[in-house]
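Right, one structure below, let's go through it.
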Amino acid sequence: MPPPQRVFALPRQQSLLLPEVLNPFVLDLKLSKGDKIKFVLLGFLLVPLRTICMVLVLLVTWPIAAIVTLGQPLKGAVEPMAGWRRFLCRVVISSLGQLYYLAMGFRVVVKGQQVSSAQAPILVVAPHSSFFDGIVCIVAGLPSTVSRTETLFVPIFGNSRKNTILEIEKRSTSGGHWPQVLIFPEGTCTNRSCLITFKQGAFIPGVPVQPVLLKYPNKLDTISWTWQGPALKTLLLFTLCQPFTTVQIEFMPPQVPTEDEKKSPSLFANRVRALMAQELGLPVTDHTYEDCRLMISAGELTLPMETGLVEFTKISKKLNLKWDNVRKELESFSAIASSCKGGRIKIEEFASFLKLPVSPALQELFALFDRDGNGTIDFREYVIGVTVLCRPANTEEVIQMAFKLFDTDEDQSITQEEFSSLLRSALGVSDLNVSSLFREIDTDGSGHITYSEFESFALSHPEYAKLFTTYLELQRYYALQEAELDSICSSCSSEDLRSEDNQEGSTSDKKED
C-alpha cells in the first residue's frame with residue numbers, strides 16, 4: 001500500500017484562475033532607432049508650431065469660458081446652464097476644443113449616433129487609457145463629467161462618493177432636463193489590452209446608458225498613461241512629434257436595464273462591459289483601482305510593482321477580504337519574497353521562512369500554494385493559499401491539540417527536545433535542527449514554550465497550520481488502518497475457529513457412522 005499523502009489537495013476553483021491579461025496597468029513603449037530619428041526631425045518643426053497654435057486657441061477659449069461661467073457655481077450647480085450659456089458651451093467652446101485637439105495633431109473619426117439625454121441620460125466610455133480621452137467630452141457636446149480623484153482633486157458633483165452618486169441619480173432621472181452625464185466606469189487608466197471591472201456609479205440609477213468606445217489605432221502608442229510607463233510630459237512630447245494621431249469614437253446603441261439589473265447594478269455593469277468588450281475584441285478582467293493601490297504598496301515594500309495585482313474585486317468577493325486584509329497579507333508575503341528576484345517565492349525561500357528543511361511534507365504544502373504548478377508562489381497564490389488553506393485550519397481547537405502533541409510530558413510547556421521530536425515525526429526528517437524556530441517561538445528565552453507563546457506564534461504564522469492539521473490527519477489515517485487490520489485479523493481468527501470446529505464435527509460424525 002503506498003504511503004498516504006501528507007497534505008491533502010483541494011479542488012481548484014475555476015473562478016480563481018489567472019486572468020487573460022496579467023497587467024493592464026503597464027506600457028512598455030519601445031522606440032526603434034528610426035522612430036527616435038523621426039521624432040527628433042519632426043519635433044523641431046511640429047512641437048513649436050503646435051505649441052503656438054494650442055496657446056492661441058486657449059487665449060480665445062479662456063475669455064469665452066469665463067463669460068459662460070460668470071456667476072455660476074463651479075460645483076454643486078442647482079440648475080443646468082440654459083439659453084445663451086448653453087449655446088456657447090455646446091457650440092462655441094466645443095468647437096474650440098476640437099480645434100485644440102486638431103492643433104495637437106489629432107484626427108478624430110466618429111462612428112454611430114449620439115442619442116439625446118432623454119433616451120440615454122448616461123454615457124459610459126471605455127477603455128479609459130489617457131488624459132487625451134477628454135476629447136470624447138468635446139465631441140459629445142460638453143456633457144456633465146465625473147472623473148477619478150487622481151485627475152481632479154474632488155469630483156465635480158461633491159466631496160464624497162455618496163454625494164457623487166446622488167448627483168448622478170438626480171441628473172440622470174431628470175427626464176432630459178440636465179445634459180447627459182459622461183462617466184469612465186473603469187475608474188483608472190489601462191493600456192487598453194482589456195476592460196477591467198466597471199464601477200457601479202453609472203448603473204445605480206437604473207436608467208438607459210449609451211456605451212461609447214474609444215480606440216487609438218496608431219502604430220505607436222504614445223497615448224496610454226499607465227501606472228508603469230512613460231511620464232505624462234514624455235507622452236505629450238512624443239504625441240506632438242507624431243505627424244498625426246488617430247482617435248476613433250464610436251457611439252453604440254443605448255442599453256436599457258432589465259428589472260433584475262435595476263435591482264443589481266453589478267449585473268447591468270457586467271452586461272454592458274461584455275457588450276463593449278465583444279465589440280472591441282478584448283477580454284475582460286476583474287482588476288480595479290484597488291489593484292493599482294496594491295501595486296504602489298508592493299513598490300514601497302521593494303517588490304516588483306506588478307506583484308500587487310490580484311484582481312482585487314474577484315479575490316475580495318470570493319474570499320471575503322477587504323483591501324486592508326490584502327494589504328496586510330502583502331506585508332507578510334514581502335517578508336518571504338523580498339530577497340527573491342521577480343517577487344515570486346521558490347520552495348527554498350518558503351522553507352527558509354518557515355525555518356524548516358525541504359521535506360516531502362513541505363513540498364506537498366508548497367504545491368497547494370503553487371496553483372499553476374510553475375514551481376513558484378506569487379502574491380495572488382499566496383493570498384488564496386493562506387485564506388483557503390491555512391487560516392481555516394488555524395483554529396483555537398487545532399492550536400490546543402497541536403500544543404498537547406508537542407507537550408509529551410504534559411507539564412504545560414514544550415522543551416526543545418519535545419519540539420524537535422514531534423517535528424521530525426511530522427515532517428519525516430530524522431536529522432532535523434529546529435533551534436532557530438524554537439528560539440523564535442520562545443520569546444522570553446526561558447528554554448520552554450508556554451501555551452501563550454505557542455498560540456501567539458501560531459496566530460501570526462498561519463502557514464504552519466496546515467502542517468499541524470496534516471499531522472493530525474496522518475495520525476487518524478494510521479489509526480484507521482490499524483483498526484481495519486485488527487478487524488481483519490479478528491475476522492480471520494473467527495473463521496479459522498469455525499473451520500476447526502467444522503472439521504472436528506465432521507470427523508466425529510464419520511466416527512459415529
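The values are calculated or read from the model by the stated rules, or taken from the named source; none is laboratory data. What you are looking at is a predicted structure, and each value in this text was computed from that prediction instead of being measured. Note that we place each Cβ from the backbone using ideal geometry, even for glycine, and neighbour counts take in every protein chain shown. Calculation scope for accessible area: heavy atoms of the full protein, side chains included, ligands and nucleic acids excluded. Shrake-Rupley method; radii C 1.70, N 1.55, O 1.52, S 1.80 Å.
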Exercise. Of all residues in segment 196-222 being β-branched (Val, Ile, Thr) and within 18 Å of GLY176 (Cβ to Cβ), which is nearest to the chain's Cα centre (by Cα)?
Worked result: VAL209
Problem set entry | Complete set of residues in segment 45-76 that are more than 30 Å from ILE168 (Cα to Cα) and open to solvent by less than 50 Å² (accessible area, probe 1.4 Å) | LEU46, VAL47, ARG50, MET54, VAL57
Exercise. Can you name the condition, by its number, that GLY445 falls short on among (1) touching a residue at least 40 places away in the same chain (Cβ under 8 Å); (2) open to solvent by 20 Å² or more (accessible area, probe 1.4 Å); (3) touching a Lys or Arg at 6+ places or on another chain (Cβ under 8 Å)?
Worked result: (1)
For this session: Any chance you could count how many residues in segment 379-397 are touching a helix residue (DSSP H, G or I) at 6+ places or on another chain (Cβ under 7 Å) and either outside any helix (DSSP H, G or I) or hydroxyl-bearing (Ser, Thr, Tyr) (or both)?
Result: 3
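Tell me which residues, restricted to segment 256-265, are free of Cβ contacts under 8 Å to residues at least 60 places away in the same chain and either out of contact with any Leu (no Cβ under 7 Å at 6 or more places or on another chain) or open to solvent by 20 Å² or more (accessible area, probe 1.4 Å) (or both).
Narrowing segment 256-265 to residues free of Cβ contacts under 8 Å to residues at least 60 places away in the same chain: 256-264.
Answer for segment 256-265, where residues must be free of Cβ contacts under 8 Å to residues at least 60 places away in the same chain and either out of contact with any Leu (no Cβ under 7 Å at 6 or more places or on another chain) or open to solvent by 20 Å² or more (accessible area, probe 1.4 Å) (or both): VAL256, PRO257, THR258, GLU259, ASP260, LYS262, LYS263, SER264.
Kindly evaluate PRO253 against the criterion of being touching a residue at least 12 places away in the same chain (Cβ under 8 Å), over 30 Å from LEU49 (Cα atoms) and part of a loop (DSSP other than H, G, I, E, B).
When the stated conditions are applied, PRO253 passes them.
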Problem set entry | Every pair of residues 6+ apart whose Cβ atoms lie under 7 Å, when the first sits in segment 231-243 and is open to solvent by less than 40 Å² (accessible area, probe 1.4 Å) while the second is of a type in the set (Phe, Trp, Tyr) | LEU235/TRP225; CYS241/PHE39
Exercise. Just to be sure, is GLN210 at pLDDT 95 or above, of a type outside the set (Gly, Ala, Ser) and surrounded by 22 or more Cβ atoms within 10 Å (Cβ to Cβ)?
Worked result: yes
